[in-house]
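A.B. asks: Right, I'll just put the structure down here and ask away after.
Derivation of every value follows stated rules applied to the coordinates shown; laboratory data play no part. Note that the structure is predicted; figures quoted are calculated from it, not measured. Glycine gets a Cβ as well: all are built from the backbone with ideal geometry, and neighbour counts include every protein chain shown.
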Amino acid sequence: MISPSHSAPVLVEMSAIGKRFGSVGVLDNIGFELRAGEVHVLAGENGAGKSTLIKILAGVHQEFDGELRIHGKAARPRSPLHATQLGVAVIHQEMSLIPSMTVADNLFLGRLPSHFGVVDRRRQFADTRKWLDRLGLNIDPGQAIESLSIATQQLIEIAKALSLNARIIVMDEPTSALNVSETERLFDLIVNLKRDGCGIIYISHKMYEIQQLADRITILRNGKSVATAAAADLPTSKLIRLMVGREVEPAMRRSFDAKPIGKSQPNRFAIRNFSVYPQGKSQAAAVNQASLTVRSGEVVGLGGLQGSGISQLFGGIFGAYGGNVTGERTLNGRQIAPANPRQATRQGLALLTNDRKRSGLVMSQSVISNTTLASLEQHCRLGWLIKSSEYNAARRTRDAMSLHSASLDQEVSLLSGGNQQKVAIGKWLETQPDLLMLDEPTRGIDVGAKQQIYELIEQWKSEGLSILLSTSEIPELMLLSDRIYVMHSGSVSAEFNRDTASPEKIMEAAMGARQ
Amino acid sequence: MIDQPRGDLATKQQTTASRLILSPGGRAATALLLVVFVGLVFNADGAFFKSATHRDALRQASVYGILACGMTLVIVTAGIDLAVGSVLALVAVCCATMAIHWNWPGWIVVPASMVIGGLCGAVSGTLVSRQKIQPFIATLAMMVFARGLAKYLSGGSKVSTAVKQADGTFEYVDVPYLFRLIDSRVLADSVSVVTLIFFACATISWIALSHFRWGRFLYAVGGNEEASRLSGVPVTWARTLAYVWCGVFAGIAGICQAAQEQQGDPEAGVAYELIAIAMVVIGGTSLSGGRGGMMLTTLGVFTIGYLEKVLSINAVPEAWRLMLTGVIIVIAVQTQRSRRA
């Protein structure tokens with residue numbers, strides 16, 4: 001039934017794994033098995049629980065229900081270091097290298113070869129070179145990590161994991177920063193590792209990679225294991241259907257009449273062949289030659305999985321990466337090229353970022369200060385703040401968005417997530433933008449606040465505001481959008497309207513599967 | 001995240017009185033009252049009840065207080081300015097040279113001195129906000145540089161009223177009117193002019209922070225630089241200007257220092273920046289930025305000023321005064337941290 005060899009030793013065995021964060025259950029009764037010599041793909045939407053499951057194996061989450069056996073012995077990794085000692089090597093999406101240190105030091109951090117405390121540099125460099133050669137990397141072990149490209153750093157991360165001589169290797173989207181030839185090299189290496197008897201748990205959002213590599217696939221959905229099957233028994237269409245599920249969420253209804261936006265409406269905003277280079281133009285593009293349009297009073301949705309480049313697209317449009325963009329941006333028929341968010345705001349753009357704590361709100365400041373921060377010019381004369389005008393703006397926001405706050409002078413850090421999000425959105429409405437960009441507007445907020453934000457989006461739309469929004473939840477994307485663009489690996493891979501969109505088609509496009 | 005109106009509950013559970021005491025202002029005022037209370041008890045045979053004692057306490061705190069006015073602006077942006085003590089010395093030297101040796105009138109000396117301070121701040125500010133050098137390092141460099149410049153300009157000696165003549169002899173000249181004015185007292189000798197200058201600086205700083213758009217920008221940048229940038233706040237400009245004004249206040253402090261000493265001493269102001277920082281921190285302005293204000297700093301200035309006075313009228317040796325001040329800084333900061341926890 002299973003392709004490699006059914007008799008191959010079991011490296012990892014998980015049974016009835018459950019995990020809760022507070023009152024929220026994220027994993028429920030998961031069973032999972034990894035055998036020597038196989039690539040076992042974990043597939044699922046964003047938030048399905050893949051990363052949480054991996055973090056249990058990697059010793060990041062120590063508290064969980066159920067049983068975990070590594071190399072046949074019951075084990076509970078207490079820390080990432082302990083997991084390493086148990087033979088588990090994890091290549092995380094986020095880099096765990098120390099930028100200022102050399103390649104050799106990073107590879108052997110914590111286990112430098114030494115005689116009586118004196119580091120054996122020659123052996124360390126020779127060993128480093130051996131691992132770099134296996135990945136086909138021709139770099140000096142004495143070079144500092146920060147002087148290397150992101151792609152090379154990613155490969156060194158992989159070399160580091162391999163150098164631990166682990167038999168269990170977890171790769172969490174390892175190709176997100178790699179180009180085609182680097183990816184091919186990684187795949188060759190994976191084949192070698194399989195032959196050497198390693199087991200590989202591979203997480204990917206790219207259909208091509210899953211088809212290339214997978215021996216077995218386990219699909220997670222909403223924290224539950226939906227199916228485990230040999231890759232040969234899971235054609236693309238079936239895999240996608242299992243990932244998306246068939247549930248319709250009755251709680252989310254459009255409480256408004258969904259009148260489609262006619263083709264006659266003029267274009268409010270457009271980008272053409274727009275590319276974004278967040279790390280500078282010499283580095284890889286996060287968004288590649290994207291083109292899209294937003295009409296007046298239209299809600300355009302952007303769908304995509306992790307690494308799709310949607311957030312970078314928003315940032316690029318908004319001038320957050322300065323001049324590290326190419327291509328055209330047109331607003332109200334005029335070309336614009338804001339060099340920074342300040343100019344973008346003046347030209348009529350607004351961007352709600354996807355992380356309100358890090359880049360959305362000034363947590364130590366009051367509701368009033370945050371509400372007026374982007375539109376402060378309207379509330380002052382010659383630099384002198386007119387507090388009554390500010391207060392009125394904050395009250396306007398509170399009333400329009402039914403914000404719950406003890407007082408408008410309260411620090412926003414004391415508000416609930418939903419109310420914080422309302423302040424963050426209210427700040428941008430106060431600038432009276434022509435195009436409102438909402439990156440994950442419902443992330444981390446409760447159901448009631450979500451429904452309110454849906455209704456508000458509908459109301460702004462009827463007032464003629466153009467909205468470009470992204471969400472990782474496909475039902476939400478279909479509920480809110482008049483049109484949908486799907487992005488995959490930095491490119492727009494498909495466009496749908498209300499009639500042509502379906503969860504399966506969106507997921508297919510998001511994973512870059514051929515249609 | 002669990003969605004629950006935490007803020008609403010938290011505030012409703014507290015009474016108005018406890019909220020007042022637990023507020024940052026309440027904490028700072030409590031610290032000051034405590035020091036005053038100690039003064040009432042250990043009043044050194046009634047010395048604490050004499051108005052001259054209070055006048056002197058405030059006068060001695062005033063130069064530090066003027067520095068703290070600028071320091072507050074910088075600390076609100078999550079920065080620090082270590083250069084103010086050296087800038088004070090540099091300006092004192094320049095100011096004394098202009099007023100004593102060149103006999104320039106006050107209405108030129110004062111703005112010129114402020115410009116010198118502001119230029120030093122502009123360099124620090126540019127290094128911090130454009131070159132992205134850490135504030136600690138950038139202002140440390142400026143601290144060393146300004147001290148060196150002060151020594152270079154003064155030839156390493158104090159610029160006093162003994163003016164060297166063409167034939168190599170020294171001749172004493174009158175103390176300039178500007179210096180005598182600043183070092184005098186007004187309102188029936190009840191308050192020193194430097195104290196009034198401190199109050200004026202504190203008012204300017206307070207208005208800037210709570211009534212000007214620029215002040216709002218400072219809080220925003222200190223609280224969350226990335227969110228500010230993405231909200232269209234001119235981060236570079238706002239931050240640079242904080243250091244410029246910090247320099248201007250250091251310049252004003254330099255004028256006062258020169259006036260009180262009736263000379264420009266290139267060695268003046270050593271470690272003054274640390275006292276100014278302590279005053280800001282005791283007031284409750286957070287070194288991590290985005291919180292605090294000038295009212296709080298004013299309370300901090302009073303607290304340290306009175307602490308020094310109470311200890312000195314009770315003839316506590318300097319060694320003990322310093323140790324006690326250190327302990328009190330730790331206690332003050334610790335209580336502020338527990339408020340946020």
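A.B. asks: Expressed as a whole percent, how much of the Cα-Cα distance distribution for the range A:331-453 exceeds 27 Å? Working shown, then result.
C.D. replies: On the way: 1199 of 7503 pairs.
It works out to 16 percent of all Cα pairs.
A.B. asks: For the modelled label position 7 Å from the Cα of A:Arg76 along Cα-to-Cβ, which residues of the range A:45-63 have backbone nitrogen atoms closer than 15 Å?
C.D. replies: A:56-63
A.B. asks: Ranked by Cβ crowding within 10 angstrom, fewest neighbours first, how are B:Tyr152, B:Tyr243, A:Tyr208, B:Tyr272 ordered?
C.D. replies: In increasing order of surrounding Cβ atoms, one gets B:Tyr152, A:Tyr208, B:Tyr272, B:Tyr243.
A.B. asks: Give a residue-ordered list of calculated ³J(HN,Hα) values for the range B:281-287 (Karplus: 6.51 cos²θ - 1.76 cosθ + 1.60, θ = phi - 60°; whole Hz; x for Gly, Pro).
C.D. replies: 5, 4, x, x, 6, 7, 5
A.B. asks: Let me ask something additional. Tell me, what does the Kirkwood hydrodynamic radius of the range A:360-424 come to in angstroms if you use every pair of distinct C-alpha atoms?
C.D. replies: Numbers: mean 1/r = 0.0852 Å⁻¹.
Hydrodynamic radius (Kirkwood, Cα only) of the range A:360-424 equals 11.7 Å.
A.B. asks: Taking R0 as 30 Å, what FRET efficiency do you get between B:Glu171 and B:Ala141 from their Cβ-Cβ distance, rounded to the nearest 0.05? All intermediate terms of the calculation are to be shown ahead of the outcome.
C.D. replies: Numbers: r = 39 Å, r/R0 = 1.30.
It comes out at approximately 0.15.
A.B. asks: Treat the count of other C-beta atoms within 10 Å as a stand-in for reagent exposure and order B:Cys246, B:Cys120 from fewest to most. Write out the running numbers ahead of the final one.
C.D. replies: Working: B:Cys246 33, B:Cys120 30.
Fewest-to-most Cβ neighbours within 10 Å comes out as B:Cys120, B:Cys246.
A.B. asks: Also: Describe numerically, in nm with one decimal, the distance between label points set 7 Å from Cα along Cα→Cβ at A:Gln451 and at B:Ser18.
C.D. replies: For A:Gln451 paired with B:Ser18, the spin-label model returns 3.5 nm.
A.B. asks: To continue, here is another question. Please quote Rg/Rh for the range A:457-515 to two decimal places, taking the Kirkwood radius as Rh and restricting both calculations to Cα atoms. Working shown, then result.
C.D. replies: Working: Rg = 12.0 Å, Rh = 12.1 Å.
Answer for the range A:457-515: 0.99.
A.B. asks: What span do the alpha-carbon atoms of the range B:30-335 cover on each of the three principal axes, reported in whole Å from largest to smallest?
C.D. replies: Extents along the principal axes: 64, 50, 34 Å.
A.B. asks: Separate question: Mind giving me the nanometre distance, one decimal, between the label points for A:Thr500 and B:Val186, set 7 Å out from Cα along Cα→Cβ?
C.D. replies: That separation, rounded to one decimal, is 7.8 nm.
A.B. asks: Using a cut-off of 11 Å between beta-carbons, work out the net charge of the residues near A:Leu429 (Lys and Arg +1, Asp and Glu -1, A:Leu429 not included).
C.D. replies: Values: positive: A:Arg396, A:Lys422, A:Lys427; negative: A:Glu430, A:Glu463.
Overall, the nearby charge balance is +1.
A.B. asks: A further question on this structure: What does the charge count around A:Cys380 come to, taking other residues whose C-beta lies under 15 Å from its C-beta (Lys +1, Arg +1, Asp -1, Glu -1)?
C.D. replies: On the way: positive: A:Arg381, A:Lys387, B:Arg213, B:Arg216; negative: A:Glu377, A:Glu390, A:Glu430.
It works out to a net charge of +1.
A.B. asks: For the range A:103-158, which trypsin sites (Lys or Arg not before Pro) are both in a DSSP coil and crowded by at most 12 other Cβ atoms within 10 Å? If you can, show how the numbers build up before the last one.
C.D. replies: Details: sites: A:Arg111, A:Arg121, A:Arg122, A:Arg123, A:Arg129, A:Lys130, A:Arg134; in loops: A:Arg111.
Listed in order of number, the matching sites are A:Arg111.
A.B. asks: For peptide A:361-371, compute the average count of partner chain beta-carbon atoms within 10 Å of each residue's beta-carbon.
C.D. replies: Working: counts 5, 14, 5, 12, 10, 1, 1, 1, 4, 5, 0.
Shielding by partners across A:361-371 averages 5.
A.B. asks: Of all the stretches in chain A, which is the longest one without any exposed loop site, taking GluC sites (Glu not before Pro) in a DSSP loop (any state but H, G, I, E, B) with at most 15 other Cβ atoms within 10 Å?
C.D. replies: On the way: sites that count: A:Glu63, A:Glu94, A:Glu247, A:Glu463.
It runs A:248-462.
A.B. asks: With each label point set 7 Å from Cα along the Cα-Cβ vector, what nm distance links A:Glu184 and A:Ala126?
C.D. replies: 3.3 nm
A.B. asks: Then there is this: For the protein assembly as shown, what is the Kirkwood hydrodynamic radius in Å, using each pair of distinct C-alpha atoms? Working shown, then result.
C.D. replies: Values: mean 1/r = 0.0321 Å⁻¹.
Kirkwood radius, the protein assembly as shown: 31.2 Å.
A.B. asks: Along the range B:302-310, what does the Karplus equation 6.51 cos²θ - 1.76 cosθ + 1.60 (θ = phi - 60°) give for ³J(HN,Hα), rounded to whole Hz, x for Gly and Pro?
C.D. replies: Per-residue couplings from phi come out as 4, 4, 5, x, 5, 4, 4, 5, 4 Hz.
A.B. asks: At 222 nm, what value in deg cm²/dmol follows for chain A if DSSP H runs of at least 4 each add -39500 (n - 2.57) and the sum is divided by all its residues, to the nearest 500? Provide the component values of the computation, followed by the final result.
C.D. replies: Numbers: 16 runs with 157 residues, N = 515.
Result for chain A: -9000 deg cm²/dmol, rounded to the nearest 500.
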